[in-house]
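Structure first, then comments.
The values are calculated or read from the model by the stated rules, or taken from the named source; none is laboratory data. In this text, all values refer to a predicted model and were calculated from it rather than measured experimentally. All Cβ positions, glycine included, derive from the backbone under ideal geometry; neighbour counts span all protein chains shown.
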Amino acid sequence: MATEVLDNTAHESWNDQNVAPLIQFVNVTKKYGDFTAIDNLNLDIYEREFYALLGPSGCGKTTLLRLLAGFEEPTSGSILIGGEDISHIPPNKRSVNMMFQSYALFPHMNVEKNIGFGLKQEGHSKEEIKQRVDEMLALVQLEEFAKRKPHQLSGGQRQRVALARSLAKKPKLLLLDEPLGALDKKLRERTQFELMNLQESLGLTFMIVTHDQEEAMTVSSRIAIMDKGIVKQVDTPAIIYEAPNSRYVSDFIGNVNFIEGVVTSQDEKKVIVETNDGDSLILHSATPLNIGVTIWLSIRPEKVGVSKTKPEGVNNILQGKVEDIAYSGNISTYYVRLANGDTVKAQTTNSRRLSAREITWEDDVWLYWTDTAAIALSE
């Protein structure tokens, strides 16, 4: 159950009934003995998407990637690219390339030979290989490093060599398995935007597997949240964050508060929920809710205000005591213990010096949020 979110993706291909998907998983299951890694998966990915797979370890992300690359075959079901069933086509016969987290560069080859290796294996002429390698070197801005060996490069440079090698064969689809995992935080953030610009300029389809939620939110056009071989939700980053379809998805992306309650009334979009402590909370929901049903209010901490004085003109107010404060430089997160023992998180930007902070540990405070800040989840 979700709520309405303003979204600007109406022009995107997945919203156009007349556009066929580039990649289709049709009832795909992958088993290893008694273990089901992918469970009856149906998934559509469109041309020029930057598609992210996100989920905990063991959820099936890498298995899905390996199925697309051809390193694994489905136990049942079909995988189509451009309408052609590739389920049993070997990796070297697919228009798909995969870039591994380790980069897997040949240590005895210089940069240009690493980039041209796949082209040489396919039997291209020296002139064709040189022309394509030069194009790739220019694309990733490594022309001056063409003669260097991998050990003479930085982590970011090795990452770009691996990317150039993956793109040299002009694949329809590039698979990225934790491609930025070995980079430090600042280089990782810079490279994310480089990847986005590269994908857009080349007009290719990228699929990335990552454990990094911020990375997935930054680079992707859509995100698939996975759990135990099942896709729980596929949507744009904004909708995944603002309108998750379950507590699992809401809890997996970012920080969130859950407040349990029972629906007592609904008038048009206005819903009144009574908590276990007898507090009445109000939210807007475009989806009709049954009176008496138990739901969970999902509220992001940055949408929760915190004050030492009771706010005026706000419907949703709870009282508690500051139990802990997490200082993160640009923001502070207040952990507020309610009378029933539950903890609610509220985040504020640190627009003033730390010494000027009004609220500290053990302070009695009021938490508050607008009627549109929370969404109702039934599962």
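Summary of values
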{"item": "Residue check, V111 within 25 Å of the chain's Cα centre (by Cα) and over 30 Å from I253 (Cα atoms)", "result": "no"}
{"item": "Answer from G70, G83 - the residue that is crowded, with 17+ Cβ neighbours inside 10 Å and in contact (Cβ under 8 Å) with a residue 12 or more places away in the chain", "result": "G70"}
{"item": "A224 aliphatic (A, V, I, L, M) and assigned to a helix (DSSP H, G or I)", "result": "no"}
{"item": "Positions within region 265-297 being in a loop (DSSP other than H, G, I, E, B), more than 26 Å from the chain's Cα centre (by Cα) and surrounded by fewer than 17 Cβ atoms within 10 Å (Cβ to Cβ), in sequence order", "result": "E268, K269, N276, D277, G278, P288, N290, I291, G292, V293"}
{"item": "When residues of region 298-333 are limited to those that are closer than 23 Å to V249 by Cα and among the hydroxyl-bearing types (S, T, Y), the one surrounded by the most Cβ atoms within 10 Å (Cβ to Cβ)", "result": "S298"}
{"item": "Hits in region 128-143 (condition: in a loop (DSSP other than H, G, I, E, B) and surrounded by 13 or more Cβ atoms within 10 Å (Cβ to Cβ))", "result": "V140, L142"}
{"item": "Subset of region 338-379 [surrounded by 15 or more Cβ atoms within 10 Å (Cβ to Cβ), assigned to a strand (DSSP E or B), among the β-branched types (V, I, T) and free of Cβ contacts under 8 Å to residues at least 60 places away in the same chain]", "result": "T348, V365"}
{"item": "Subset of region 167-211 [among the acidic types (D, E) and either under 21 Å from A138 (Cα atoms) or crowded, with 16+ Cβ neighbours inside 10 Å (or both)]", "result": "D177, E178, E194, E200"}
{"item": "So D251, is it acidic (D, E), surrounded by fewer than 21 Cβ atoms within 10 Å (Cβ to Cβ) and closer than 24 Å to T29 by Cβ", "result": "no"}
{"item": "Given (1) surrounded by fewer than 17 Cβ atoms within 10 Å (Cβ to Cβ); (2) within 29 Å of K228 (Cβ to Cβ); (3) in contact with a Phe, Trp or Tyr (Cβ under 8 Å, 6 or more places away or on another chain), number of the condition T75 does not satisfy", "result": "(3)"}
{"item": "Region 131-145 residues that are farther than 12 Å from K169 by Cα and in the same structural domain as N197 (by TED's automatic domain parsing), paired with ones that are in a helix (DSSP H, G or I) and of a type in the set (F, W, Y) (beta carbon under 9 Å, 6 or more apart)", "result": "L137/F145"}
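Rundown of residues vs (1) at pLDDT 90 or above; (2) of a type outside the set (G, A, S); (3) in contact with a Cys (Cβ under 8 Å, 6 or more places away or on another chain); (4) in the same structural domain as T63 (by TED's automatic domain parsing), yes/no style:
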site	(1), (2), (3), (4)
A224	yes, no, no, yes
P244	yes, yes, no, yes
Q266	no, yes, no, no
N276	no, yes, no, no
T294	yes, yes, no, no
I299	yes, yes, no, no
T333	yes, yes, no, no
